[in-house]
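J.: Just dropping this structure here.
Read the figures in this text as sums done on the coordinates, not as results from a lab. This one's a predicted model, so the numbers in the text were calculated from it and none came from an experiment. Ideal geometry is used to build each Cβ from the backbone, glycine not excepted, and the neighbour counts take in all protein chains shown.
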């Protein structure tokens, strides 16, 4: 019996030690996940923490690893992420985001996309914000084919801006500014 009594505390210590090792590994994995998640987000959206100075008249964006310009903005006061697309005629909002952004689906219409013809619903954005720029009554559409969270920012907005690309930087200014 003396042996059994001595082995019980040893077994408890071993279980506790194993539990501590498991907890340390879980903490290490969580920290690595947070680090790499942030690194991937920085790579995909280098403009995610974009700050605009009050009274600024231009917006400077960095190109992401895929070669696109992505920027935070707002639709009807709600935060969104824009993917600037000079090949898009209008702003194309993923349909599932419409209700949260205060967008009402209007008449169905056909649009040509890189993936072929899609039936979208016309809508109007009361106010769209991109950096220091605010544009009212923007013709756009709700696209049921988009499953992600990015909004394509097409020429219905970009036509109001002058843009200059230098290397991996895009500078947006109001026309004549």
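J.: What whole number of Å gives the distance from the Cα centroid of region 110-130 to the Cα centroid of region 138-175?
T.: Result: 12 Å between the Cα centres.
J.: Any idea what the relative contact order of the chain is, in percent, if you count C-alpha pairs under 8 Å spaced at least 6 apart?
T.: Computed value for the chain: 23 percent relative contact order.
J.: Next question, about the same structure. So what is the calculated 222 nm ellipticity per residue for the chain, using -39500 (n - 2.57) for each DSSP H run with n of 4 or more, over all residues, to the nearest 500 deg cm²/dmol? Mind showing how you got there, number by number?
T.: Details: 2 runs with 47 residues, N = 177.
Per the formula, -9500 deg cm²/dmol.
J.: Determine, for each peptide in 165-172, 150-157, 66-73, the mean count of other beta carbons within 10 angstrom over its residues, then list the peptides with the highest first.
T.: Result, highest mean first: 150-157, 66-73, 165-172.
J.: May I ask for the angle, rounded to the nearest 10°, between helix 2-44 and the longest principal axis of the chain, with both axes built from Cα atoms and the value confined to 0 to 90°?
T.: Roughly 10 degrees between the two axes.
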